[in-house]
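Every number here is computed from the coordinates shown, using simple stated rules; none is lab data. Quick caveat, the model's predicted, so the values are computed rather than measured. Quick reminder, even Gly has a Cβ in these numbers, built from the backbone with ideal geometry, and neighbours come from all protein chains shown.
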Amino acid sequence: MAREFAPNVVALDDQRIATRNLAPGQRVYDEDLLTIDGQEFRTWNPMKSKLGSYLVKGGRHFPLMQDSRVLYLGAANGTTPSHVSDIVRDGVLVAVEFSPRSFRDLLRMSEPRQNVVPVLADAWRPELYERYLGKVDLLFQDIAQRQQAQIFAKNLNQFKPAMGILAVKARSVNVAANPREVYEQVARDVETLTEYSVVEQVDLGPFEKDHAALVVKPGKAQRRAETRDAPQARDEQPREERPRFERRDDRRDERPRGGGGGGGFRPREDRPRFDKPKFDKPRRSGSEWKNQRPGGGGGGKKRDWR
């Protein structure tokens, strides 16, 4: 049995979700086609879609209606945009992709779907695709770059959408940091650069490792406190200051000197000194050394060295 929880989106009994297929009989990837109440639905795999995993994980903000206008940044091959196209049947989906290789697959997906406008452009330059949009209801971004927050903030300030969802890939921002700290840092950057505030944060694991979805809405939020400056819990006691251990070089002059029982350290001046014996070597001239070599000159008798 299926339950509709959003326009053209149903939840199945096996905890899967599906969207009503806008192009019946056609698949975009390896999804299953189901017939429910005489209509064809496509299963939405959360392992291959950030937006799908956000819904399966219980995301509370999903503003898409049948006539919504959506700007999708980082459309890639069109897996998730195809499901968004199923939902906004009477609306417009502008799918922006930078990679020419992925854009070819996106074009193939959009051919039977009249509500999809594929654009080959850089998300850093929203003026390139601004003419395809008027009012934007939802801005969704899935771009694996270090400056994800800055790209998202620039498009928020340009289009002023009613809501935005940012799929944060922590390893693209900082591969060595804790993913939770990266999520907080990205949220602070977005709130600092825009007039939007983060209203929901959902970790997308285990479907997407080290990923999170940040939902923003218009309205300036209070500035987030830095993680390292966060106040301590009430029942947490301040840590006891550890004793400082000096380096070995600092204590070099304080080491005990003198012999104390069996093999202790002795200062250099107390050690027995042995004078190096001197041997008087006879000095020889060059002609004398020459006479000793095989075949050398001089009047000495030559030896047969063969």
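The calculated FRET efficiency for ASP67 paired with ASN178, based on their beta-carbon distance and R0 = 30 Å, is about 0.15.
From least to most packed, judged by other beta carbons within 10 angstrom and beginning with the fewest, TRP44, TRP124 follow the order TRP124, TRP44. The charge dipole of the stretch 3-136, taken about its Cα centre with unit charges on the Cβ atoms of Lys, Arg (+1), Asp and Glu (-1) only, comes to about 300 debye.
Taking each residue as 0.36 nm, the span from GLN201 to ASP14 lengthens on full extension beyond its C-alpha to C-alpha distance by 64.8 nm.
Working from Cα pairs under 8 Å separated by at least six residues, relative contact order for the stretch 45-226 is 20 percent. Highest mean packing first, where packing is the average number of other Cβ atoms within 10 Å per residue, the peptides 131-144, 101-114, 64-77 line up as 64-77, 131-144, 101-114. Projected label points at LYS135 and LYS57, each 7 Å from Cα along the beta carbon direction, are separated by 3.1 nanometres. For the residue pairs LYS135/LYS209; LYS57/LYS169; LYS154/LYS217; LYS48/LYS135; LYS57/LYS220; LYS48/LYS160, the C-alpha atoms sit more than 25 angstrom apart in LYS135/LYS209; LYS48/LYS135; LYS57/LYS220; LYS48/LYS160. Cβ-Cβ distance of LEU193 and GLN39, R₀ of 41 Å, FRET efficiency by 1/(1 + (r/R0)^6): the value works out to about 0.45.
Annotation for LYS48 and ALA2: the two label points, set 7 Å from Cα along the Cα-Cβ direction, are 1.8 nm apart. In order along the stretch 209-215, the Karplus-derived 3J(HN,Hα) couplings, from 6.51 cos²θ - 1.76 cosθ + 1.60 at θ = phi - 60°, round to 6, 6, 10, 8, 10, 9, 9 Hz, and Gly and Pro are given as x.
Peptide packing for 195-201, 16-22 was compared via the average number of neighbouring C-beta atoms within 10 Å per residue; ordered from the highest value, the list is 16-22, 195-201.
Determine the gain in length on full extension of the stretch GLN26-LYS217; use 0.36 nm per residue of separation and subtract their C-alpha separation, reporting nm with one decimal. Kindly include the intermediate steps, with their values, before the conclusion.
Numbers: separation 191, 0.36 × 191 = 68.76 nm, distance 3.51 nm.
Computed gain between GLN26 and LYS217 is 65.3 nm.
Could you tell me which of rounded, prolate or oblate describes the stretch 1-61, using a ≥ b ≥ c as the square roots of the eigenvalues of the alpha-carbon gyration tensor, with rounded for a/c under 1.5 and, failing that, prolate when a/b is larger than b/c and oblate otherwise? Since a/c reaches 1.5 but b/c is at least a/b, the shape of the stretch 1-61 is classed as oblate.
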